[in-house]
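**Q** Below is a structure I'd like to ask you about.
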Amino acid sequence: MQIKIESQKLLLIFFLSPMLFADAVMPSLTELIPQDILPFQTINRANEAYEKEEFRKSATLFQSLKIEDPTVLYNQANAEYKAGMYDDALKHYAKSKGVGEATRLYNMGNSYFKKGDFKSAIKQYTASLKLKSDDDVMHNLKLAREKRKEKEEQKQKDKKKKDKNKKKRDKKKEEQKKRKQEDKKKDDRKKESDKKNSKSKKEADASKKQEEKEKMSPKEKMRKKELSHLIKQLSKKKMPTMMYQGKENKGERHDKNPW
């Protein structure tokens, strides 16, 4: 991954050496160094960080360059891949087309594999093998196919489990619906029964009263009528109510008003 920059280093030393004896009032070194030389310092630091396995630092340094050079982008993608930044790595691998094409495609396959996108990984591994036969690529391709199969099988299992759970929920809802309908029918039957019982009771009470009334002798009927009449008269006169208990005569009474 190291970029050859020895010639650029020599140019930088040649350019900087006169500055060691410059007057203090001279402009700063940064102002005097051509802008196309400065990025190589960052690239060198990024490469050093990569060699020390400081991959995130290396990726950050490469990203600060904002250079569209395919080789730099390829090295940046490598650092991002090692740092676990797979989406960024894929983006920059795609922009570095033509740089170590078989390896670039292989690295893209690895990035997709890490993301769990085995279908895309298989596509990249296959494209890499068309350019160059490689045991590592073939091994990863086989592994990706196995993982894809496992993923599809797990997907099917999850779908079956989901469908089974849905059927259970639907069955439970249907049972609850049926229970509600049955409970409603029971309530309706009970209300109808209570209504009929109430009506029957009223009819029975009315019939009982009628029977009692019919069973009363003419004398008892007359007494009841007289007592009712007395209560009404006393009520009109606002007099205390008197309970009158007449003595029964053995003989039959013919007068309509005993009072």
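**Q** Please list, in order along the stretch 80-91, the HN-Hα scalar couplings obtained from phi with the Karplus expression 6.51 cos²θ - 1.76 cosθ + 1.60 (θ = phi - 60°), rounded to whole Hz, x for Gly and Pro.
**A** For the stretch 80-91, the Karplus-derived couplings read 5, 4, 5, 7, x, 8, 5, 5, 5, 4, 4, 5 Hz, x marking Gly and Pro.
**Q** If you wrap a convex hull around the C-alpha atoms of the stretch 88-163 and split its volume per residue, what is the figure in Å³?
**A** Here the figure is 81 Å³ per residue.
**Q** Here is a further query. Given a Förster distance of 51 angstrom, what is the FRET efficiency for Arg148 paired with Asn44, based on the Cβ-Cβ distance and rounded to 0.05?
**A** 0.80
**Q** Now a separate question. Can you list the HN-Hα couplings for the stretch 161-176, worked out from phi with the Karplus curve (6.51, -1.76, 1.60; θ = phi - 60°), rounded to whole Hz and with x for Gly and Pro?
**A** Karplus values, whole Hz, x for Gly and Pro: 5, 5, 5, 5, 5, 5, 4, 4, 5, 5, 5, 5, 4, 5, 5, 5.
**Q** Ordered by packing density, taken as the mean number of other Cβ atoms within 10 Å over each peptide's residues, highest first, how do 113-119, 83-89, 56-62, 194-200 rank?
**A** Order by mean packing, descending: 56-62, 83-89, 113-119, 194-200.
**Q** Going down the list Lys114/Lys161; Lys157/Lys186; Lys114/Lys157; Lys91/Lys151, which pairs span over 31 Å between their C-alpha atoms?
**A** Cα-Cα > 31 Å for Lys157/Lys186; rest within.
**Q** While we're here: Under 22 Å Cα to Cα from Lys185, which lysines show up? Leave out anything in the same chain fewer than 8 places away.
**A** Cross-link targets: Lys171, Lys172, Lys173, Lys177, Lys195, Lys196, Lys199.
**Q** Let me ask something additional. Using R₀ = 51 Å, calculate the FRET efficiency as 1/(1 + (r/R₀)^6) where r is the Cβ-Cβ separation of Lys166 and Asp205; round to 0.05.
**A** So, using R0 = 51 Å, E works out to roughly 0.30.
Read the figures in this text as sums done on the coordinates, not as results from a lab. Remember, predicted model here, so these are calculated numbers, not experimental data. Don't worry about glycine lacking a Cβ; one is built from the backbone with ideal geometry, like all the others, and counts go over all protein chains shown.
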